[in-house]
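Participant: Mind looking over this structure? Questions follow.
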Amino acid sequence: MILLRSVVGKLWLTILLLVSFVLFILTIMLLEFFQNYNTLEMKKDLTNTAEKIANVLEKHPNEKLPLGLEISWEIIDNVNKVVIVKNESEIYYSPNTNLSNRLSFTDIKNDPKLSQVLKKDRNVEKISTLSFNEDKKEAKYSIIGVPLHLPGEEKSAVFIYQSLEVMQETTHETTKFILLVAGVAIILTTIFAFFLSTRIAAPLRKMREAAFEVARGKFDTKVPILTHDEIGELATAFNQMGRQLKFNMSALSQEKEQLSSILSSMADGVITFNRDGAILITNPPADRFLQYWYYEMGGISTDSEAIPPEVMDLFQQAVDTEAEQMGEISFQGRHWVILVSPLYSNRFIRGAVAVLRDMTEERQLDKMRQDFIANVSHELRTPISMLQGYSEAIVDDIAESQEEKKEMAKVIYDESLRMGRLVNELLDLARMEAGHLQLTMEETNISSFINRIIHKFQGLAKENEIQLFAEIDNEITSISFDPDRIEQVLTNLIDNAIRHTPKGGSVKLSVTSEDKGVMIRVKDSGAGIPDEDLPFVFERFYKADKARTRGRAGTGLGLAIAKNIMDAHRGHISVQSKLGQGTTFSFLVPRK
């Protein structure tokens, strides 16, 4: 069965069957030809012999008949039997005739065909059994009758007959010889066909092996060109195909790398879907979009292929209508504009591509332009009004006692410090945004650095009945950064966390190691930040205290300064928060 499934087996079997069929037809035709030929030759020989005997007897009439008979008996051979009918009373049989194979005059006279020799004086021939052998079907004879013209006799004839067994033996020998020749021809054909098949299949096997190598990605594989026939041309075409495939795969690889680079460098997010809505390709901005959505849904796993229902609705509409669809989506305080376009394979839609543009910064800039003057004027109006009011009170001698004057002077001093701190922070922020921030990089022990900052805020935490603690990954020993600036970042974050955490809450500072650097997180159990305020926490004058009361409220510039410090370190800072579940600020300090 394995051989029949191969090209060698199929080709060998086809040639063998074809030659066998031709030999079979040829054998049948040859056997039929030789059988007919032997029959005709036998009849011809018997007729000639009978005519010779008749001529001999006619030359030796009645007085010399014994001499004619002797000559006639010499003419015939052992397999031929002769009956000479001179008249009804004189019948002569050849010496080799015995009683078991004698053709009697009664048989001749009663046979309608044989009797025509005597009645109509013409030659006859017949294949028949003798009267005493009628039950023996195999004992058939070829009988030839020739008229004999003797003086004074009207019904004379010579009958010669021979058993068909002699012809059958000759035919049998001929059949065996033909079958032997056919068998030898089939054997030689088998050998030749198998040899021819292997000669054809050998290069085909090499091409099959080369095809498997190409399928595994080895496009340099070549098939040896052993002949210049059709198989050689096929090998040449296969080698050309391999070179073309290598060229095309290289071009596709370059296109893929180019597309991957373009997608990675795009500021907009890109998500490609197949026809069923499953995600095929995403770029980093799209991954961040999905992470924000996973966090919004209550998880942080990125293994899930679920997408926001708003995006799925736009995808379904784009597939159904075969037109671009646009929409907006907002969560975690960020805003995205989504454009979904169908992808075609010939005339059929094979999926869609969604382009996500983060419009949060634009919205922030619009809001910041509107709020900046109001924020600055609001921050300066209160201390200026207080400076003006208390100074007027001192000038107009409203304060009667020395203690009242000192109290008013202290208020004026505190407000001037507040104004100075605000102006200094504005100047620092302006210098940072202008790129004039100078960092002093030092290799710092992270454990002692964090513990010192925690110790600095323990008093404030105890005063507010808040649990403040740190968790540091043991794998982290030291890292290079500007300790003063990173302390300024942590001071802002921890101070904000303590200020916005109710009594009995907790503030946790965790330090973990990542591939690109050290991740530091400040997590509190406070009230959280509303979604609409999350995009603006790192902007100037942002305050969670909407009433903008004085006291421990800051200037609203601390987080903006922290963001600029992290940008100077080539790191990044982010925030995640939910109302009633607390807030987590995270920033990455890169190793290099």
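The values are calculated or read from the model by the stated rules, or taken from the named source; none is laboratory data. It should be emphasised that the depicted structure is a prediction, and the values quoted were computed from it without experimental measurement. Cβ atoms come from the backbone with ideal geometry, glycine included; neighbour counts cover every protein chain shown. Calculation scope for accessible area: heavy atoms of the full protein, side chains included, ligands and nucleic acids excluded. Shrake-Rupley method; radii C 1.70, N 1.55, O 1.52, S 1.80 Å.
Participant: Against the condition open to solvent by 50 Å² or more (accessible area, probe 1.4 Å), without any contact (Cβ under 8 Å) to a residue 12 or more places away in the chain and among the polar types (S, T, N, Q), how does N55 come out, does it pass?
Facilitator: For N55, the condition - open to solvent by 50 Å² or more (accessible area, probe 1.4 Å), without any contact (Cβ under 8 Å) to a residue 12 or more places away in the chain and among the polar types (S, T, N, Q) - is met.
Participant: Kindly provide the set of residues from segment 322-348 that are at pLDDT 85 or above and of a type in the set (G, A, S), ordered by number.
Facilitator: Correct list: A323, G327, S341.
Participant: Show the residue pairs meeting these rules: Cβ distance below 6 Å; 6+ apart or different chains; first residue within segment 456-467 and farther than 16 Å from L493 by Cβ; second residue at pLDDT 90 or above and open to solvent by less than 50 Å² (accessible area, probe 1.4 Å).
Facilitator: Close Cβ pairs satisfying both conditions: Q467/S506.
Participant: Contact list please: Cβ distance under 6 Å, first residue in segment 213-224 and part of a loop (DSSP other than H, G, I, E, B), second residue basic (K, R), pairs at least six apart or on different chains.
Facilitator: Short answer, once both residue conditions are applied: F219/K246; V223/K206.
Participant: Could you pull out the residue among I476, I453 that is open to solvent by less than 40 Å² (accessible area, probe 1.4 Å), farther than 24 Å from I561 by Cα and touching a residue at least 12 places away in the same chain (Cβ under 8 Å)?
Facilitator: Of the residues listed, the single one that is open to solvent by less than 40 Å² (accessible area, probe 1.4 Å), farther than 24 Å from I561 by Cα and touching a residue at least 12 places away in the same chain (Cβ under 8 Å) is I476.
Participant: Condition first: among the polar types (S, T, N, Q) and loosely packed, with under 12 Cβ neighbours inside 10 Å. Now tell me which residues in segment 345-369 satisfy that.
Facilitator: Once the filter is applied, which keeps residues that are among the polar types (S, T, N, Q) and loosely packed, with under 12 Cβ neighbours inside 10 Å, segment 345-369 yields S345, N346.
Participant: Further, regarding this structure: For segment 173-180, check the following and say yes or no: at least one residue is within 30 Å of L356 (Cα to Cα), part of a helix (DSSP H, G or I) and without any contact (Cβ under 8 Å) to a residue 12 or more places away in the chain.
Facilitator: Checked against the condition, which is being within 30 Å of L356 (Cα to Cα), part of a helix (DSSP H, G or I) and without any contact (Cβ under 8 Å) to a residue 12 or more places away in the chain, segment 173-180 yields no hits at all.
Participant: Turning to a different aspect of this structure: Does V319 satisfy being assigned to a helix (DSSP H, G or I), at pLDDT 85 or above and out of contact with any His (no Cβ under 6 Å at 6 or more places or on another chain)?
Facilitator: Spelling it out, V319 is indeed assigned to a helix (DSSP H, G or I), at pLDDT 85 or above and out of contact with any His (no Cβ under 6 Å at 6 or more places or on another chain).
Participant: If we keep just the residues of segment 247-283 that are of a type outside the set (G, A, S) and part of a loop (DSSP other than H, G, I, E, B), which is surrounded by the fewest Cβ atoms within 10 Å (Cβ to Cβ)?
Facilitator: Filtering first and then ranking leaves D276.
Participant: Take the residues of segment 518-577 that are among the acidic types (D, E) and either modelled with pLDDT of 85 or more or surrounded by fewer than 18 Cβ atoms within 10 Å (Cβ to Cβ) (or both): which is farthest from E362 (Cα to Cα)?
Facilitator: Here the answer is D524.
Participant: Going by the structure shown, is T27 hydroxyl-bearing (S, T, Y), open to solvent by less than 70 Å² (accessible area, probe 1.4 Å) and over 30 Å from T190 (Cα atoms)?
Facilitator: So T27 does not fit the description; no.
Participant: Does A193 fit the bill of being out of contact with any helix residue (DSSP H, G or I) (no Cβ under 6 Å at 6 or more places or on another chain) and surrounded by 18 or more Cβ atoms within 10 Å (Cβ to Cβ)?
Facilitator: For A193, the condition - out of contact with any helix residue (DSSP H, G or I) (no Cβ under 6 Å at 6 or more places or on another chain) and surrounded by 18 or more Cβ atoms within 10 Å (Cβ to Cβ) - is not met.
Participant: Quick check on F289: is it open to solvent by less than 80 Å² (accessible area, probe 1.4 Å) and at pLDDT 85 or above?
Facilitator: Criteria met by F289.
Participant: So which residues in segment 79-103 are part of a loop (DSSP other than H, G, I, E, B) and among the β-branched types (V, I, T), if there are any at all?
Facilitator: V79, T97
Participant: Suppose we filter segment 45-64 for residues that are in contact with a helix residue (DSSP H, G or I) (Cβ under 7 Å, 6 or more places away or on another chain) and of a type in the set (A, V, I, L, M, F, W, C); how many remain?
Facilitator: 3
Participant: Looking at V311, is it surrounded by 11 or more Cβ atoms within 10 Å (Cβ to Cβ), part of a helix (DSSP H, G or I), of a type in the set (V, I, T) and touching a residue at least 24 places away in the same chain (Cβ under 8 Å)?
Facilitator: Here the answer is yes, as V311 does meet what is asked.
Participant: Quick test for you: out of L252, L259, L234, L245, pick the one residue that is closer than 30 Å to E361 by Cα and not charged (D, E, K, R).
Facilitator: From the options L252, L259, L234, L245, the qualifying one is L259.
Participant: Collect the residues in segment 331-344 that are surrounded by 13 or more Cβ atoms within 10 Å (Cβ to Cβ) and either of a type in the set (A, V, I, L, M) or without any contact (Cβ under 8 Å) to a residue 12 or more places away in the chain (or both), keeping them in residue-number order.
Facilitator: Listed by number, the residues that qualify are V337, I338, L339, V340, L343.
Participant: When the residues of segment 479-511 are narrowed to those that are open to solvent by 50 Å² or more (accessible area, probe 1.4 Å) and of a type outside the set (K, R), which ends up farthest from D428 (Cα to Cα)?
Facilitator: That would be G504.
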